[in-house]
Amino acid sequence: MSDISRATLLRAGGLSASVLALDASRPAAAATGREHPNVTLIRGYYAAYAAGDTGALRERFFAPDIAWTIPGHHPLAGTKRGANEVIAFFELLARAGMKAEPIFLAADGEWVVDLHRGWSTTPAGLDQVWALAFRIRNGRITEAVNYPGDQHAADAYFWRVYPLAPIPKRLARSPRRP
């Protein structure tokens, strides 16, 4: 992917020109000599995620009451509340060998906008640009909303990898009606 420009990648991922304008309107960390502390925090989060270090995610990066929203119409979609639910979600992602490589990070106040390449390895079949909006308070991630570049592809992939249990098994767990 190194021979593709960031602008081409963003356009291919279906992201709007306003994100490109945001990128162009901010001085690069290298040019200013310093990086916003919340961007540094998210870089550390990605390092812990890549290492599969759920202990660091829980202890250093996630607020205890974190809310992590995954849009879509698939078994993993919805809002995970609390560090335990978010870690459980990440453990499910690990079963699919989900990887992430940051492309762009920018911070404004308590928000960090992240564009990254996210792809699966077990099985392969999902490889796209994702955007995340992170809210940071007191040096911890309190909220994250994950936007796929292609929601339909994400839905199809997650249904394929995480199918519902067969109906008899699902019904056996349903509460009984009087």
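I'm trying to understand the selection: among the residues of the range 142-178, which are farther than 22 Å from Arg95 by Cα and at pLDDT 95 or above? Scanning the range 142-178 gives Thr142, Glu143.
Of all the residues in the range 120-138, those that are under 14 Å from Pro148 (Cβ atoms) and either more than 11 Å from the chain's Cα centre (by Cα) or among the hydroxyl-bearing types (Ser, Thr, Tyr) (or both) number 5.
Figure legend. Inter-residue proximity from the range 39-68: first residues within 13 Å of Lys99 (Cα to Cα), second residues hydroxyl-bearing (Ser, Thr, Tyr) and at pLDDT below 95, beta-carbon distance below 6 Å, spacing 6+ or different chains. No pairs are indicated. The set of residues in the range 125-136 being outside any strand (DSSP E or B) and open to solvent by 20 Å² or more (accessible area, probe 1.4 Å) consists of Gly125 alone.
For the range 71-85, indicate whether the set of residues that are open to solvent by less than 70 Å² (accessible area, probe 1.4 Å), closer than 17 Å to Ala48 by Cα and either in contact with a helix residue (DSSP H, G or I) (Cβ under 7 Å, 6 or more places away or on another chain) or outside any strand (DSSP E or B) (or both) is non-empty. The answer is yes, given that some residue of the range 71-85 is open to solvent by less than 70 Å² (accessible area, probe 1.4 Å), closer than 17 Å to Ala48 by Cα and either in contact with a helix residue (DSSP H, G or I) (Cβ under 7 Å, 6 or more places away or on another chain) or outside any strand (DSSP E or B) (or both). Of the residues making up the range 147-160, at least one is within 14 Å of the chain's Cα centre (by Cα) and in a strand (DSSP E or B).
In the range 77-95, the residues that are over 20 Å from Pro148 (Cβ atoms) reach residues that are open to solvent by less than 30 Å² (accessible area, probe 1.4 Å) and part of a helix (DSSP H, G or I) with C-beta atoms within less than 9 angstrom, at least six apart or across chains, in these pairs: Ala83/Leu57; Ile87/Leu57.
Residue-wise test of (1) loosely packed, with under 15 Cβ neighbours inside 10 Å; (2) farther than 30 Å from Arg34 by Cα; (3) free of Cβ contacts under 8 Å to residues at least 12 places away in the same chain.
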residue: Gly97; (1), (2), (3): yes, yes, no
residue: Pro102; (1), (2), (3): no, no, no
residue: Pro123; (1), (2), (3): yes, yes, no
residue: Asn138; (1), (2), (3): yes, no, no
residue: Ala154; (1), (2), (3): no, yes, no
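The values are calculated or read from the model by the stated rules, or taken from the named source; none is laboratory data. Please read these numbers as outputs of a predicted model, since none were measured by experiment. FYI the Cβ positions are ideal-geometry reconstructions off the backbone, even for glycines, and counts take in every protein chain you see. Quick note on the areas: whole protein, heavy atoms, side chains included, nothing else; ligands and nucleic acids left out. Shrake-Rupley method; radii C 1.70, N 1.55, O 1.52, S 1.80 Å.
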